[in-house]
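Notes follow the structure.
The values are calculated or read from the model by the stated rules, or taken from the named source; none is laboratory data. Here the structure is a predicted model, which means the values were calculated and not measured. Positions of Cβ are generated from backbone atoms using ideal geometry, with glycine treated the same way; all protein chains shown enter the neighbour counts. Remember, those area values only see protein heavy atoms, side chains included, never the ligands or the DNA or RNA. Shrake-Rupley method; radii C 1.70, N 1.55, O 1.52, S 1.80 Å.
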Amino acid sequence: MAVSMRQVLDDLVAETRVLQDLVADLDDAAISRPTPAVGWTVRDQLTHLAYFDETATQAAVDPAAFRLAADALVAGGMDFPDRVAAEHATLPAEAVRTWFDRTRHEFVTAFRHLDPKARLPWYGPDMSALSSVTARLMETWAHGQDIADALGRDREPTDRLRHIAHLGVQTAAFSFALNGKPAPAEPIRVELTAASGAVWTWGPAEAADRVTGTALDFCLVVTQRRHRDDTDLEVAGPVATEWLSVAQTFAGSPGTGRAPLSHTGGPS
């Protein structure tokens, strides 16, 4: 899947507008509403995005300073996303929006001028500038899903999901390793139907292990925003089945995933 830096940045800007519209009118009470991410409010979701936009920009413009700050943050424990959320848990709604809008603008502006192949430090392995933008798009969509669920709002799926689906496929080996499992030797075929009706595919057509369904369902599972049982994904083969039980597009510790909605009464 060949994409340009400009295309992914433009899609990031479009996804950002969707999120900004979701939270534009929230007051301090509404932004404190809990989301399906246990212990996290709408505010926490937004400050998470703002904080890591800020550090991603630093990684691009001052990698040495980023590495020092990142090492110090990680040294305090791998629960650093929760600690970042706690540090900003009392910010008023307008201050949260202002911070997110500013850091997102700064990120997009900085990355417009980067070589897509430039290597940048991050909290795990270094990544390319293009991968960093894709990761910000994935995070925006995933955290936006938690916010939409908390507010009882629906979002229309778009073909921007292709970036997230591709990241989901590309992080398969990472997901196994993160959970102490060897990467499987067997190939997996992924066939997804986009909102536009296009069909996106990865892996050899003859592979016995397969994942088939909508791009939306696949992205919800690999970003750990829905349990596989709450989707219509069709999964064949032991390797594909195990993969979807650990699939994770984001860095950090292994995610715990989400319980089936039948066990929780649905997103709150």
Largest-first ranking of 54, 139 by accessible area, probe 1.4 Å, whole protein assembly kept, is 54, 139
Working note, the chain: Cα radius of gyration (Å, one decimal) and Dmax (Å, whole number) are 18.0, 54
Check: C-alpha center segment 174-223 vs C-alpha center segment 120-171, spacing in Å is 16 Å
Of all stretches in the chain that avoid trypsin sites (Lys or Arg not before Pro) placed in a DSSP loop and having at most 13 other Cβ atoms within 10 Å, the longest is 154-268
Residue separation between residue 4 and residue 24 times 0.36 nm, minus their alpha-carbon distance, gives in nm 4.2 nm
Here the percent of antiparallel bridges among DSSP beta bridges lying wholly in the chain, to the nearest 5, is 60 percent
Per GNM of the chain with C-alpha springs under 10 angstrom, the most fluctuating residue out of 188, 164, 147 is 188
Once both label points are put 7 Å beyond Cα along the C-beta direction, the residue 71-residue 208 separation in nm becomes 4.7 nm
Ranked by GNM mean-square fluctuation in the chain (Cα springs under 10 Å), the top entry among 18, 169, 211 is 18
Two pseudo-spin positions, 7 Å from Cα along C-beta at residue 109 and at residue 151, lie apart in nanometres by 2.5 nm
Once residue 241 and residue 117 are pulled to full extension, the length gained, defined as 0.36 nm per residue separation minus their Cα-Cα distance, is 41.4 nm
Simple spin-label estimate for residue 90/residue 234, 7 Å along Cα→Cβ, in nm, reads 5.5 nm
In Å², rounded to a whole number, the accessible area per residue of segment 1-64 with probe 1.4 Å is 43 Å²
